[in-house]
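The values are calculated or read from the model by the stated rules, or taken from the named source; none is laboratory data. Keep in mind that this is a model prediction, so the values were computed, not measured. Positions of Cβ are generated from backbone atoms using ideal geometry, with glycine treated the same way; all protein chains shown enter the neighbour counts. For accessibility, only protein heavy atoms count, side chains too; no ligands or nucleic acids. Shrake-Rupley method; radii C 1.70, N 1.55, O 1.52, S 1.80 Å.
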Amino acid sequence: MTIHVTPRRAAHVGDGTGNRVARTGAELPSMVEQLLLTLGVDPDFTGAVFGDFAEEYAHRGLHDGISAARRWYLRELLRSTPHFVRSWFRHARRYQPVRLAATLSGLVVAASAIVISFATRNGPPARLERIPDAIIVNSPEPVQFRLNVLDAAGHVLRDKRVRYQWESGDRLNVSTTGVVTCTERGDALVRASFAAIRTTFLLRCRPIDRFAKDWAGQPLLVVGGPDQALRIQALRVDGTRETSLAGTAIVRDSDIASLNGLSVHAKSPGGTMVYVWIGGIVDVIPITVFKRVDNTNALHPFDYFAPSLRLASGQTSEWHIPAGKYFISFRPDSIASQALMLSTPGATCSQFGDAYSYFCDASIDAKLVVTAPGGASPGREFSGYLGVQRRS
Amino acid sequence: MSKPALGSLELAALLTVTRLCENAYGVTIRRDLFDRTGRDYSVGAIYTTLQRLEDKGFLTSRSSEPVPVRGGRSRRYFRLTGEGARALRDAERRTTSLWSGVLAGDLASDRPEPA
């Protein structure tokens, strides 16, 4: 008698009586049996049980079909598991727990490796990397686009080369390998493709030539105060300002300040630099973080003092400041308050940046004096802003 | 010294081994038990019981030559020992003693329920 079995999982063998019977696929039973033996289950017990499994499987394969035989095999394996455990306890010797632990550890590692490799395996190309709708290029030098091909799970397929092609808009220089040269301003639609997968994006060429220096224009950073946006002024070749910018910025000392995009968060008093890369050009922006103090009695470097400035007509306020270098901002709140006057006896000051900012070199016993004019309008109130930053 | 007691599966297995004579090994014992009791014992349960009976000295076993249909493994044939035979007779006596005095009428299915 012969039967048909699935060729890959079972084979026909003789049973010694001239009949042809199905034999179980050797892989799984051998592995399970080997594992049990490795764990220390009684080899006589294991051999007898698996021998019966094989014999019964062959018998059922002949009479009930291979699928039914496989189901029986699996069910019987599960039903017999407690007996294997019992046999292991009976048969375990001195070092069996160690062997068990080592085997189980190996199994866990192997299972983890299988799961990880399964989870991280690469599939066929499914899509291109997601990119912004518009890409800004500020460099006048050639720039290489590197758009990745991904599989359906988002894994990057390293060896797949994307082709690029200008589609419409201004005639910008785009090579098939993705090299873009932005010597002039312009906008173009560019197509990126890999086989049948394609996407288009807007290429915005905005070449810049240099940065404008704005030393005094940086925002005041105070610990605990609001985050401040860095002021970056990039200029085109013709000297006009370019506002469409794309780049990277890092802060040198992250203990003093941190960056979120181009927004600076003050963390502790001190001075540091922010490096900004845009279009292949680096701008170095010094930033200083101050600690707010309530008085000028012991004004240390990186202390910031900003009293409430509200004076009645004819009233004067004054503050002694220690010897050192200061950056002072003094600004009336309104036109009506423009009569407010700041004098700095004992300090040498020069205007810096705008009309309201000064660098001052204070000697011992220097002081800041703000006076509201007296005269015709008694009871009139003057208000303004006074900010004192001790630099050194 | 008291003799080790026999469980119900142990008793059934001893009787089956006795009945199968020279052909008593896992597969045949299991099939015979199924045919006679209707209970489908797992292969592991059968061998655990047989091993326990062997430990008690009621059975001995020997291995056959490797058999192709078993994937080249041997069959483990079991035989009743003298001790096993005595255990069976004891079990029979106890059972008979327990049954004595029980009349067929007492077990009739139409027997009225006690009030």
Pairs please, first residue from the range B:13-40 and under 15 Å from B:T60 (Cα atoms) and without any contact (Cβ under 8 Å) to a residue 12 or more places away in the chain, second anywhere and open to solvent by less than 20 Å² (accessible area, probe 1.4 Å) and in a helix (DSSP H, G or I), Cβ atoms under 8 Å, 6+ apart in sequence or on different chains. none
Looking at the range B:58-91, which of its residues are of a type in the set (D, E) and either at the interface with chain A (Cβ under 9 Å from one of its Cβ atoms) or without any contact (Cβ under 8 Å) to a residue 60 or more places away in the chain (or both)? B:E65, B:E83
In the range A:297-308, residue surrounded by the fewest Cβ atoms within 10 Å (Cβ to Cβ) [restricted to those that are at pLDDT 85 or above and not hydrophobic (A, V, I, L, M, F, W, C)]: A:H300
Residue list for the range A:139-152, filter: in contact with an Asp or Glu (Cβ under 7 Å, 6 or more places away or on another chain) and outside any strand (DSSP E or B): A:L147, A:N148
For the range A:321-357, how many residues are open to solvent by 60 Å² or more (accessible area, probe 1.4 Å) and among the aromatic types (F, W, Y)? 2
Identify all residues within the range A:338-379 that are more than 19 Å from A:F327 (Cβ to Cβ) and among the charged types (D, E, K, R); write none if there are none. A:D365
Looking at this structure, is B:R52 open to solvent by 70 Å² or more (accessible area, probe 1.4 Å) and modelled with pLDDT under 90? no
